[in-house]
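Take a look at the structure set out below.
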């Protein structure tokens, strides 16, 4: 019997960071997988903003350092602190480009130097070869 650990590869997409503008995304190589899901976590805002939203959108490219373009329909907006959301991306081997990244951009209104804590993880699934090589040793 196979376990989730053997079937799904977990990668950072955006390391936890307090941001007031776009967070630096990590490029995800999808070679060997057919689906992906990005999980975005939006923490509490600091600096007492009167309004906030965080937009997360998936982008793709044929190369790891080329010009990334938005994936149609692969975006979400989080409008409150301490919420999370998911963005699925299917067809990595048939209709998608090899490299993905998640662009996370908060918008904060008013406040004193407002920022919001954001983080994101990418789960790569339907591996062509298992196990997928997740480390059981914490980094």
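The values are calculated or read from the model by the stated rules, or taken from the named source; none is laboratory data. Because the structure is predicted, anything quoted here is derived from the model rather than measured. No Cβ is skipped: glycine too gets one built from the backbone with ideal geometry, and neighbour counts run over all protein chains shown.
Contact map, the stretch 35-53: first residue in contact (Cβ under 8 Å) with a residue 60 or more places away in the chain and on the phi < 0 side of the Ramachandran plot, second residue crowded, with 18+ Cβ neighbours inside 10 Å and part of a loop (DSSP other than H, G, I, E, B), Cβ cut-off under 7 Å, separation 6 or more or different chains; pairs are 35/92; 36/30; 36/92; 45/114; 46/114; 49/114. It is to be established whether one or more residues within the stretch 49-68 are loosely packed, with under 12 Cβ neighbours inside 10 Å and within 17 Å of residue 121 (Cβ to Cβ). For the stretch 49-68, residues loosely packed, with under 12 Cβ neighbours inside 10 Å and within 17 Å of residue 121 (Cβ to Cβ): absent.
Matching residues to (1) under 15 Å from residue 17 (Cα atoms); (2) in contact with a strand residue (DSSP E or B) (Cβ under 7 Å, 6 or more places away or on another chain); (3) surrounded by fewer than 15 Cβ atoms within 10 Å (Cβ to Cβ); (4) at pLDDT below 85:
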{"residue": "96", "(1), (2), (3), (4)": "no, yes, no, no"}
{"residue": "115", "(1), (2), (3), (4)": "yes, yes, no, no"}
{"residue": "132", "(1), (2), (3), (4)": "no, yes, no, yes"}
{"residue": "138", "(1), (2), (3), (4)": "no, no, yes, yes"}
